[in-house]
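Working notes for the structure below.
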Amino acid sequence: MADNQRHSLGAQSRRRYLLTGSAVVGGLLAGCVSGDDSNGGDPDSYPDWDPDDPQFPQLASTLLADDFHIGTDELLEQMEPRDEPRYGSPPPETPDAGDRLDPDTLDFSMVPTEDPATYEDVLAPLVENIEAETGKDVVVNPLDSYAAQIEAMNADRLHVAGFATGATPFAVNIAGAVPFGIQIADGAFGYRLWVISQVGSDIDELADLDGADVTHVEESSNSGHQAPSALFSAGGVEPGEDYDLEFSGSHENSIRAVDAGDYDAAPIASTVLERQIESGHVDGDDLKVVWVSDPFPTTSFCYHHALEPELQEGIERAHLEYDYAGTALEEYYDRDSFTEIDYATHWDVILEIQEQNEADYRTDELED
């Protein structure tokens, strides 16, 4: 048995939260939270912060102090299950015995980051438990793009992965990934799409992006490109037409580019900005948020559909039946456990966005 504390079996260790559904989709496609006519150059002039009636712009530090970057239990209670994905294919079934994978070593990859070496220490507690539950050695591979992750799993070279929110449907439809869990903490889940700009810029609301220099993340990024493409259009701003966009390659790159003044604004994942502030790369008082979405589910944890069933079950146990409080995993992600998910239900809002964008599930759609 691994050292990390294992949950007792039952409802507590196998909780299922239904994270998406018509209530959330309706809020997202209605245009989310609007901006304000405040003078973005003077934080003292920003509207008083009220999470029940949010008005913008606001300092990033203000929203983070109020945990306005994540979802809440109240939203979880509004979700309804779905039997089939609204767009694309469901995760494939495990093949017959002769076509299954039983590798000597399980290859594991997380969402690409600018500092992949970080994952060795962060994932160590989880890797230890996967090894204990499967009897296999686990190697963490620092793949450098969403496309590389999906191509590796499609080629049977990647067996366990954390896929970014927007890349998850690509992984399901191209590589046969089976999403089974996400990270949570005390009922809180996910992240929001935020549009950020420098304090002092003239961008105070979504309409101000017209004619601005804006950087997106990459084609398959949910909050970094797919959601803005759908939701900004609904708000009267057409990315690529009302403003020219370039791709930075990562949320971290977008955040630092705005902070440095290389771009006027960027759509980013709120939780990545939180980590960038906590690590000292940027200051939450130097960046303002001018628009936000409702919460999205966060990184999906998946296994290759063709793995032997006992390996699939061991991988799930290592995630869902252990308490990661006090480990490097919690310290990095600020989440101490995993909860079981259903792809068709939990990713419905993402599939709604990708359907609007007419996403084509090919690996070349994942590249800049």
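Going through the stretch 342-352 one residue at a time, which ones are at pLDDT 90 or above and among the hydrophobic types (A, V, I, L, M, F, W, C)?
344, 347, 350, 351, listed by residue number.
I need the full set of residues from the stretch 76-123 which are surrounded by 15 or more Cβ atoms within 10 Å (Cβ to Cβ), hydrophobic (A, V, I, L, M, F, W, C) and outside any strand (DSSP E or B), in order please.
Result: 76, 79, 110, 111, 122, 123.
Is it the case that residue 275 is at pLDDT below 95 and among the basic types (Lys, Arg)?
When the stated conditions are applied, residue 275 passes them.
Just for the stretch 171-185: of the residues that are touching a His at 6+ places or on another chain (Cβ under 6 Å) and assigned to a strand (DSSP E or B), which one is most open to solvent (accessible area, probe 1.4 Å)?
My answer is 178.
Would a scan of the stretch 151-165 turn up a residue that is modelled with pLDDT under 95, open to solvent by less than 40 Å² (accessible area, probe 1.4 Å) and assigned to a helix (DSSP H, G or I)?
The answer is no, given that none of the residues of the stretch 151-165 is modelled with pLDDT under 95, open to solvent by less than 40 Å² (accessible area, probe 1.4 Å) and assigned to a helix (DSSP H, G or I).
Taking residue 348, is it buried (at least 19 other Cβ atoms within 10 Å of the Cβ), closer than 18 Å to residue 227 by Cβ and touching a Lys or Arg at 6+ places or on another chain (Cβ under 6 Å)?
It is true that residue 348 is buried (at least 19 other Cβ atoms within 10 Å of the Cβ), closer than 18 Å to residue 227 by Cβ and touching a Lys or Arg at 6+ places or on another chain (Cβ under 6 Å).
Go through 207, 212 for me and flag whichever is modelled with pLDDT of 95 or more and part of a helix (DSSP H, G or I).
207
Among the residues of the stretch 187-202, which ones are open to solvent by 10 Å² or more (accessible area, probe 1.4 Å) and more than 18 Å from the chain's Cα centre (by Cα)?
198, 199, 200, 201, 202
Note down all Cβ pairs under 6 Å where the first residue falls in the stretch 138-150 and is closer than 15 Å to residue 117 by Cα, the second is polar (S, T, N, Q) and open to solvent by less than 40 Å² (accessible area, probe 1.4 Å), and they're at least six residues apart or on different chains.
Partner pairs satisfying both residue conditions: 141/109; 143/109; 143/149.
Quick one: which of 207, 212, 234 is open to solvent by 40 Å² or more (accessible area, probe 1.4 Å), closer than 18 Å to residue 263 by Cβ and aliphatic (A, V, I, L, M)?
Testing whether each residue is open to solvent by 40 Å² or more (accessible area, probe 1.4 Å), closer than 18 Å to residue 263 by Cβ and aliphatic (A, V, I, L, M) leaves just 207.
The values are calculated or read from the model by the stated rules, or taken from the named source; none is laboratory data. Remember, predicted model here, so these are calculated numbers, not experimental data. Every residue, glycine among them, receives a Cβ derived from its backbone with ideal geometry; neighbour counts consider all protein chains shown. Accessible surface areas use protein heavy atoms only, side chains included; no ligands, DNA or RNA. Shrake-Rupley method; radii C 1.70, N 1.55, O 1.52, S 1.80 Å.
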